[in-house]
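The values are calculated or read from the model by the stated rules, or taken from the named source; none is laboratory data. Note that the coordinates shown come from a computational prediction; the quantities given were computed from them, not determined experimentally. Positions of Cβ are backbone-derived with ideal geometry, glycine not excepted, and every protein chain shown enters the neighbour counts.
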Amino acid sequence: MKRTLLIVVSLGLLSFNFLSFNPEKVPVYDHREFFEASLNNINSIDKLSEYIDSVAKAKKILPSSVGYAVLTESVIKKRFYHGFSHYGFQQNWIAAVSEKVVGYGLSSIVIPNDIIKHPYAACSQQALVMSAILKRKGYSYRSVGFPHHYAMEFLIDNKWYYFDPNMEPSIPDSCRLETKWECLADNLKKYYDTTRYKDLDWKFGKSMPVTRGEINAAQAPHATIFQTGTHYLSRILWVFPMMAAFYPRRKTA
């Protein structure tokens with residue numbers, strides 16, 4: 001009886017890896033963002049980097065330049081529409097279940113190569129993808145935090161430039177400079193589409209300086225460890241009750 005129960009538990013855990021089920025609601029494209037569904041076939045950081053390089057080469061844009069960073073932002077904002085991407089059961093059922101039981105965004109993806117498997121990503125996730133691309137080119141970076149938003153700065157020619165692929169501001173390259181917007185969120189609001197974003201004061205705060213992360217700091221390190229570990233554990237957890245079911249038992253006298 002005990003063996004049968006362990007086998008059933010084992011098969012149940014194994015079956016989670018084959019369920020095409022995501023307990024989180026899938027975001028819907030609002031047809032107002034710069035989203036191009038044709039870019040969905042770019043489903044890895046390697047492919048995205050190669051695509052950006054090919055466009056940069058055709059346009060004669062040099063890596064490590066402001067133009068390359070602007071190009072990267074423009075590609076990412078077309079690659080995703082807004083909305084948190086989460087792990088489903090097939091990708092990481094432990095993270096998916098943990099999100100529902102514990103919360104704290106445990107299934108909100110922070111690994112760039114997993115984020116890019118989806119057509120949608122939130123502000124922090126798009127920033128993670130952009131950082132992953134530009135880190136390969138040697139850019140230094142730091143996060144820019146608002147009360148309810150997340151963006152990035154990149155160091156180019158010893159100057160910090162502001163980038164936000166998610167909310168897609170119409171901002172001249174020269175105005176991205178830290179010295180232009182002076183680290184104040186209010187100075188950035190004029191570059192955003194207020195017909196789309198009627199809650200800028202909520203997202204950015206009012207008369208508030210931004211919060212910056214450390215230069216080249218690991219992004220979401222604890223979530224990365226959790227999601228990497230549970231990814232592998234989701235795949236192998238079923239083995240343990242199966243082993244217990246067939247573990248040879250000592251005969252009692």
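For the range 72-88, taking the residues that are without any contact (Cβ under 8 Å) to a residue 60 or more places away in the chain and surrounded by 19 or more Cβ atoms within 10 Å (Cβ to Cβ), the one that is nearest to the chain's Cα centre (by Cα) is identified as Ser85. In the condition set (1) touching a residue at least 12 places away in the same chain (Cβ under 8 Å); (2) surrounded by fewer than 11 Cβ atoms within 10 Å (Cβ to Cβ); (3) of a type in the set (Lys, Arg), Lys25 is compliant with all but (1).
Within the group Val9, Val70, Val28, Val75, which residue is closer than 23 Å to Asn113 by Cβ, out of contact with any strand residue (DSSP E or B) (no Cβ under 7 Å at 6 or more places or on another chain) and of a type outside the set (Asp, Glu)? Don't jump to the end; show me each part of the working.
Numbers: Val9 fails: closer than 23 Å to Asn113 by Cβ; Val70 fails: closer than 23 Å to Asn113 by Cβ; Val28 fails: closer than 23 Å to Asn113 by Cβ.
Exactly one residue qualifies, and that residue is Val75.
Scan the helices (runs of 4 or more DSSP H) fully inside the range 155-253 and keep the ones with 1 or more residues being β-branched (Val, Ile, Thr) and in contact with a strand residue (DSSP E or B) (Cβ under 8 Å, 6 or more places away or on another chain).
In the range 155-253, the matching helices (runs of 4 or more DSSP H) lie at 178-181.
Taking the criterion of being farther than 18 Å from Cys175 by Cβ and of a type in the set (Lys, Arg), the residues of the range 61-82 that qualify are Lys78, Arg79. Checking each residue in the range 50-69 for being aliphatic (A, V, I, L, M) and crowded, with 17+ Cβ neighbours inside 10 Å picks out Ile52, Ala56, Ile61, Val66, Ala69.
Are any of the residues in the range 136-149 hydroxyl-bearing (Ser, Thr, Tyr), at pLDDT 95 or above, over 15 Å from Tyr87 (Cβ atoms) and in a loop (DSSP other than H, G, I, E, B)?
Step one: filter the range 136-149 for residues hydroxyl-bearing (Ser, Thr, Tyr), giving 139-141, 143.
Narrowing further to those that are at pLDDT 95 or above: 139-141, 143.
From what's left, over 15 Å from Tyr87 (Cβ atoms): 139-141, 143.
Next, from what is left, pick out any that are in a loop (DSSP other than H, G, I, E, B): 139.
So far as the range 136-149 goes, yes, one or more of its residues are hydroxyl-bearing (Ser, Thr, Tyr), at pLDDT 95 or above, over 15 Å from Tyr87 (Cβ atoms) and in a loop (DSSP other than H, G, I, E, B).
Applying the set (1) free of Cβ contacts under 8 Å to residues at least 40 places away in the same chain; (2) under 14 Å from the mean Cα position of the chain (by Cα) to Lys57 leaves exactly one unmet item: (2).
Could you tell me whether Asp173 is charged (D, E, K, R) and either more than 27 Å from His31 (Cα to Cα) or touching a residue at least 40 places away in the same chain (Cβ under 8 Å) (or both)?
On the way: charged (D, E, K, R): yes; either more than 27 Å from His31 (Cα to Cα) or touching a residue at least 40 places away in the same chain (Cβ under 8 Å) (or both): yes.
Against the criterion (charged (D, E, K, R) and either more than 27 Å from His31 (Cα to Cα) or touching a residue at least 40 places away in the same chain (Cβ under 8 Å) (or both)), Asp173 qualifies.
Return yes or no: is Ser124 hydroxyl-bearing (Ser, Thr, Tyr), in contact (Cβ under 8 Å) with a residue 24 or more places away in the chain and buried (at least 18 other Cβ atoms within 10 Å of the Cβ)? Yes. Here Thr211 meets each of (1) modelled with pLDDT under 95; (2) polar (S, T, N, Q); (3) in contact with a helix residue (DSSP H, G or I) (Cβ under 7 Å, 6 or more places away or on another chain) with one exception, condition (3). Elements of the type helices (runs of 4 or more DSSP H) sitting completely within the range 23-127 and holding at least 2 residues that are at pLDDT below 95: these cover 89-101.
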